[in-house]
Amino acid sequence: MSKKKKSISKKGKRLLTSIIAFLIVAVLVIAAYAIYTFAIEPMLQRGTSSSSTSGSSSSSSSLNSSTSSSSSSSSSNLPDTSSSSSSSNIEETYSPISFHFLDLNIQYTGDCTYIKAGDNDILIDAGARKASGEVICNYLDQYVEDGKLEYVIATHAHQDHIAGFVGSSDSSKPKGRTGVFYNYEVETLIDFPLSDATTAIYSDYLEAVSMLVGEGTTHYTALDCVKEQNGAQRIYSLGEGVSMEVLYNFFYDHTRNDFRAEYPGVSGSFSEENDYSVSLLFRQGEKAMLFTGDSEAWSEHSLVTENDLPENVVLYKGGHHGSYTATGEELLAATSPDAIVFECTAGNSEFASDPNHSFPAQETIDRIAPYTDRVYVTQVGSWEDRTYHAPLNGTVIASYDSMGNENFAFSNSSEKLKDTSWFQENRTTPEAWLS
């Protein structure tokens, strides 16, 4: 009986000890909570308020030197939505654009450039002969998925720019011809306001245009576009940050006598059809690409003085195939091109009486050299044998992706003109290209 009592006593002591320990812990927790609530927290709040006031004073004092710094200080707990901060972290994106300078696989010189801009398929000119129509259509078939060209631009009435629109007779074709106008739907056609041409190919061209209009093609002249009349626009949007602008040329609505009266001190060459050329400026963001058809000195002067041209173009379709009468110093100085492509058969005697004036001419090369050595030519020919032709760079494709990054591709050699054997054998290297 006594042992049992002793055992119960020990258990009671242990229980009492546990209760006392629990009470002590509870008191300590309550005391700590009270100290924090009634003493420490008020002190922290006063300290934060003082610090905030001091920070506000500091921001106010630096407002005149940096507005963005003040804005950042006063809203440090909010997301920064200022444009300066956003633009430093987010790169602008654009619709991609690519320019295809076609090797027409014929001995004759001619222009033809296919452009893919966003969802738009665009064609500038279709040289060099009627037989080129099939070559051009075969090339377009690789890229144009819906059989429709959103924009076609015919720069002027010369055969080496319009013959491929007409093409050759071919009974196997749905409309009986191989030309672009007979095998593709054309949404909008923009061409030259003036022409003195009386050639058979020009008559064929007008007949083809009449057919297109009858089928629903919208037809504007470049003058309609620059004056924004008859529903035409000067600037056409081609996608995100990408556009095509029709530049004003004095010879859209004036004669050479008008030019002499307007610009009495301007020298240089003039050729009616060439100087009637439609000129275009493409843009992707800040980048610009220039096309001047066969414009010569007087027309180039007009382009420089009558338009707000960019101080730099990343790409220039060399004027008049590299003729000594085009790609003049005035235009080069105004636009400082980074890369130039000539659509021609280098060295062919077709348009020259002197080997140095075959395309691209020595004078043209000398003028270009101080600005760039990135010069490319589609084909090479022979002065002695006009029928000879072969790719030089071949078809040249200049592409600009959604970030504006540039890439050049070539169906043949990627050599710059100055490094080709044709150049080294037939031209004198300008001093600017020697360094």
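The values are calculated or read from the model by the stated rules, or taken from the named source; none is laboratory data. Here the structure is a predicted model, which means the values were calculated and not measured. Glycine gets a Cβ as well: all are built from the backbone with ideal geometry, and neighbour counts include every protein chain shown. When the accessible area is computed, the model is the full protein with side chains, heavy atoms only, and any ligands, DNA or RNA have been set aside. Shrake-Rupley method; radii C 1.70, N 1.55, O 1.52, S 1.80 Å.
Quick notes
- Kirkwood-type radius of region 145-185, with distances r between different C-alpha atoms, in Å: 11.0
- Cross-link pairs exceeding 24 Å in C-alpha to C-alpha distance, out of 287/416; 148/287; 148/227; 175/227; 148/416, comprise 148/287; 148/227; 175/227; 148/416.
- Overall dimensions of region 276-367 as given by Cα atoms, namely Rg and Dmax in Å: 12.9, 43
- Dipole magnitude (debye, nearest 20) for region 306-435, charges at Cβ of Lys, Arg, Asp, Glu: 300
- Whole-percent P(r), region 145-295, all Cα pairs, 5 Å bins from 0: 2, 9, 16, 19, 20, 15, 10, 6, 2, 1, 0, 0.
- Using all pairs of distinct alpha-carbon atoms, the Kirkwood hydrodynamic radius of region 302-435 works out to 15.3 angstrom.
- Solvent accessible area, Å² - residue 304, 1.4 Å probe, full protein context: 40
- Cα-based convex hull, region 324-385, per residue volume (Å³, whole number): 73
- Listed by chain and number, the aspartates and glutamates placed with their C-alpha closer than 14 angstrom to that of residue 173 are 134; residues fewer than eight positions away on the same chain are left out.
- Only Lys, Arg (+1) and Asp, Glu (-1) charged, at Cβ; region 232-378 dipole about Cα centre in debye: 260
- Values of log10 I(q)/I(0) for region 205-248 across q = 0.22 Å⁻¹ run -0.81, by the Debye formula with one identical scatterer at each alpha carbon and no solvent.
- Mean shadow area of region 369-421, taken as a quarter of the surface of its Cα convex hull (nm²): 4.8
- Dividing the radius of gyration of the alpha carbons in region 215-314 by their Kirkwood radius gives 1.00 for Rg/Rh.
- The charge dipole of region 201-308, taken about its Cα centre with unit charges on the Cβ atoms of Lys, Arg (+1), Asp and Glu (-1) only, comes to about 220 debye.
- Per principal axis, descending, Cα span of region 171-258 in whole Å: 45, 41, 19
- Rounded to the nearest 10 Å², the accessible area of residue 416 at probe 1.4 Å: 60
- Region 115-225: Rg to Rh, with Rh as the Kirkwood radius over Cα pairs: 0.93
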